[in-house]
Amino acid sequence: MLDGTWSRIAGRIAAGAVVLALVAPVHGAERPKQPERRREGPAERFDRMDRNHDGKLTADEVGNDFMFRMLDLDHDGSVTRPEAAGAIVEMETSRRWARYEPKSDGAAPTNALAEAFHAEPAAGLGIGKRIADLEARDTDGRRQRLLPARNQKALVIAVVSSSCPLSGKYAPVLARLESAYRDRGVGFVFVAPVATDTAAALGELRRSTGWKGPLLVDAKRKVASALGVRSTTEVFVCDAAGTLQYRGAIDDQYGLGYARAEARAHPLADAIDAVLEGRMPAVAATSAPGCVVELPAAAPAKPTRVTYHRDIARLMQRHCVECHHEGGLAPFSLERYQDVTGHAGMIRKQVERGAMPPWFAAPGHGVAFANDRSLPEPDRAALLSWLASDRPEGNPRETPVRRRFDPEWAIGKPDAVYQIPQPIAVAAEGVMDYQNVRVETGLTEDRWVEAMEVQPTARSVVHHVLIFALRPGEKKGRRGDDAADEQSGFFAAYVPGNSHQRFPEGFAKRLPAGTVLRFQIHYTPNGKATNDQIRLGVRFRSTPPTHAVHVLGLANPLIEIPPGAARHAEFAGAQVQHEARILTFMPHMHVRGTAFRYDLVSPDGTSRTLLDVPRYDFNWQLSYRCAEPVIATAGSRIRATGWFDNSAGNPANPDPKRVVHWGKQTYEEMMLGYIEYYFPDEVPGP
């Protein structure tokens, strides 16, 4: 018999199963009030759902794909009474488990890698002082002065860059503001202080955005030094006399690690309006999240024995240039001395706050990973020491051999390429909904995939891609979404720096005949409209592998995150029916996700943390590949716990006032932990 645990859980299960029916509108009349009914007991509910009275529940009888998969512990296509009871006990145990804290630190999980602007004290930032009347050359080689012209009532000085992604996102915003205020006597001047931004690239940026004001090439940072520029998105507002009245952010639509559909605060426009009306801006100074602009040091730098050619170039090759090379995924190259010194300020910031290189597994709180890209402490100390010094180049004869990157396919020439049929138009601004496109493979027989690679045609706007393999005859989620695909059909993924996968020798994934691939694509507009046509390349084995790679999605489609909750835990779990070996983990949440953990609980109740991610970052959908397969014995349980920040303190939060449920879009949430595994005693067939 089902016990009282059903009573505590079934209400939530039932609510999740019928929620779409409850919100269906009734036209022409109010919904009639339904008489109160006695709460259905567990045995009664099972009997009611068991329409053919055979003592088992089928997927059609349950009516919810996700719930059926959670109840069907032995995956035989039916749910018995004892099986349902066991599944519900598992859910209840997992709920208690979710109350534990992340083991890596005692602080509340927070979206620490997202950064929005904040107000700052005006003292010491030049507010109320006259700016220097400097002269610099623009992209056309003409000399331009910095102070407002005689016919200008105000002047906006905007710091820009052709290589900084955030600066690119704000380029069309600045163009609209310049156009809106031109007839009101406000001039705009653009200053480019990043040394590696060429005049040609800056000229193209000005032409593509339609800026009318001059764009000053400030490679030696004379203008930037006079203004005390801090980032590539900072703006300065002066009145007609050249008095600085505001400096800081443009608005809060974009920041480090997040993007919103529209801005909520507009400090630049507010400051311009105040100056035109003869008032002091209500907010005189803010920070301006962007790429750090490093100004020439006023004091001599500390000497160091670390040199670029002997030490830093090798460090960059090991940890950075996989993405940061010419034509690579990153927005700028770090292959040369000039590249590293030109972006030194941003390198220092990202390394110090742990955002680069992107690796978020807590050391010492899980298994070892073969693809660990974290920066070892000696390398970190050497890099920061060199950045704080006079940055000696050293002997060029000691420089490492330059790495080469295949401009076409990292996995070698694919045996098959599956591409979405039509290019997708990517807007210049704002937030785009996930795009879902299905592609027929046309396979007439099962094939074994040993390597795969996802390639966008417009990499700079692709945030991430998940590809799901829909088996022939497999149904979509009965509620009209693709939730069942997310749970069991995961096949391949793309994020910057993680675009391909080669399985170890003897391992492969089966791609059945007739498979349909669903591409789920998340685009991030970068200030310039473009088109993208994602493709997937695969390499097949000619013979069956020694081990077949399977995928399990630990999913909780019934998540319910309260409004304003800064530390909310949700869970998912699965019982291990047959001894397995775990190969890879990939946690997946959206912008409210802040921490994630996988634990393995043995049959005797002892637990072991396999992966602890105390600072989950939606911008990096990382896979964590075990250095050695993890043994999961029969009878053990795998638990996944995710923490969410739905508070106003999370700058990436689309709306802290709403209850958040499962959904595909970034303003909704997911709690989904993928696992790749194999059965050691399985003999894959042809």
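Applying the set (1) farther than 26 Å from residue 657 by Cβ; (2) touching a Phe, Trp or Tyr at 6+ places or on another chain (Cβ under 9 Å); (3) outside any loop (DSSP other than H, G, I, E, B) to residue 569 leaves exactly one unmet item: (1).
Screening 242, 257, 185 for residues that are more than 23 Å from residue 141 (Cβ to Cβ), surrounded by fewer than 23 Cβ atoms within 10 Å (Cβ to Cβ), under 33 Å from the mean Cα position of the chain (by Cα) and not charged (D, E, K, R) leaves exactly one candidate, 257.
Restrict the check to segment 659-668 and report whether at least one residue is of a type in the set (A, V, I, L, M), under 19 Å from residue 369 (Cβ atoms) and not assigned by TED's automatic domain parsing to the domain that holds residue 509.
no
Checking 492, 469, 555, 508 one by one, the residue that is within 19 Å of the chain's Cα centre (by Cα), at pLDDT 90 or above and buried (at least 21 other Cβ atoms within 10 Å of the Cβ) is 492 and no other. For first residues located in segment 134-150 and over 23 Å from residue 201 (Cβ atoms), partners that are aromatic (Phe, Trp, Tyr) and surrounded by fewer than 12 Cβ atoms within 10 Å (Cβ to Cβ) and lie 6+ apart or on another chain with Cβ distances below 7 Å do not occur. Checking the stated criteria, residue 127 turns out to be within 30 Å of residue 648 (Cα to Cα) and either in contact with a Ser or Thr (Cβ under 7 Å, 6 or more places away or on another chain) or among the β-branched types (Val, Ile, Thr) (or both). Take residue 374 and tell me if it is touching a Phe, Trp or Tyr at 6+ places or on another chain (Cβ under 6 Å) and among the hydroxyl-bearing types (Ser, Thr, Tyr). When the stated conditions are applied, residue 374 passes them. Selection of segment 131-163 for residues being in contact with a Pro (Cβ under 8 Å, 6 or more places away or on another chain), assigned to a strand (DSSP E or B) and charged (D, E, K, R) yields only 138. With the structure loaded, tell me whether residue 648 is closer than 21 Å to residue 254 by Cα, buried (at least 16 other Cβ atoms within 10 Å of the Cβ) and modelled with pLDDT under 95 or whether it fails that test. When the stated conditions are applied, residue 648 does not pass them.
Quick grid of which residues meet (1) assigned by TED's automatic domain parsing to the domain that holds residue 219; (2) without any contact (Cβ under 8 Å) to a residue 12 or more places away in the chain; (3) under 28 Å from the mean Cα position of the chain (by Cα):
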position	(1), (2), (3)
272	yes, no, no
284	no, no, no
290	no, no, yes
295	no, no, no
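Of the residues in segment 525-534, none is over 20 Å from the mean Cα position of the chain (by Cα), more than 30 Å from residue 175 (Cα to Cα) and at pLDDT 95 or above.
Each residue in segment 555-601 was checked for being more than 18 Å from residue 617 (Cβ to Cβ) and among the aromatic types (Phe, Trp, Tyr), and 1 pass.
Could you tell me whether any residue of segment 456-475 is in contact with a helix residue (DSSP H, G or I) (Cβ under 6 Å, 6 or more places away or on another chain), closer than 29 Å to residue 587 by Cα and among the aromatic types (Phe, Trp, Tyr)? Yes: segment 456-475 contains one or more residues that are in contact with a helix residue (DSSP H, G or I) (Cβ under 6 Å, 6 or more places away or on another chain), closer than 29 Å to residue 587 by Cα and among the aromatic types (Phe, Trp, Tyr).
Reported count of residues in segment 653-686, each being of a type in the set (A, V, I, L, M, F, W, C) and either surrounded by fewer than 19 Cβ atoms within 10 Å (Cβ to Cβ) or more than 17 Å from residue 559 (Cβ to Cβ) (or both), is 4. Is it the case, given these coordinates, that residue 679 is farther than 24 Å from residue 431 by Cβ, in contact with a His (Cβ under 8 Å, 6 or more places away or on another chain) and either among the hydrophobic types (A, V, I, L, M, F, W, C) or without any contact (Cβ under 8 Å) to a residue 24 or more places away in the chain (or both)? So residue 679 passes the test.
Quick one: is residue 309 in a loop (DSSP other than H, G, I, E, B) and crowded, with 16+ Cβ neighbours inside 10 Å? For residue 309, the condition - in a loop (DSSP other than H, G, I, E, B) and crowded, with 16+ Cβ neighbours inside 10 Å - is not met.
Exactly one residue out of 236, 188 is free of Cβ contacts under 8 Å to residues at least 40 places away in the same chain, over 20 Å from residue 343 (Cβ atoms) and assigned to a strand (DSSP E or B), and it is 188.
For residue 563, the stated conditions do not hold, so it cannot be described as surrounded by fewer than 19 Cβ atoms within 10 Å (Cβ to Cβ) and within 25 Å of residue 442 (Cβ to Cβ).
Close contacts from segment 398-427, counting a first residue that is under 20 Å from residue 496 (Cα atoms) and at pLDDT below 90 and a second that is of a type outside the set (Val, Ile, Thr) and surrounded by fewer than 11 Cβ atoms within 10 Å (Cβ to Cβ), with Cβ to Cβ under 9 Å and a gap of 6+ residues or different chains, come to 405/327; 407/327.
Taking the listed residues 363, 357, 281, 331, the one that is assigned to a loop (DSSP other than H, G, I, E, B), modelled with pLDDT of 90 or more and either among the basic types (Lys, Arg) or within 30 Å of residue 596 (Cβ to Cβ) (or both) is 357, with no other qualifying. Taken as a whole, the structure places residue 514 among residues that are among the small types (Gly, Ala, Ser) and modelled with pLDDT of 90 or more.
The values are calculated or read from the model by the stated rules, or taken from the named source; none is laboratory data. Fair warning: this is a prediction, and the values are worked out from it, not measured in the lab. Neighbour counts are summed over all protein chains in view; Cβ atoms, including those assigned to glycine, are modelled from backbone coordinates with ideal geometry.
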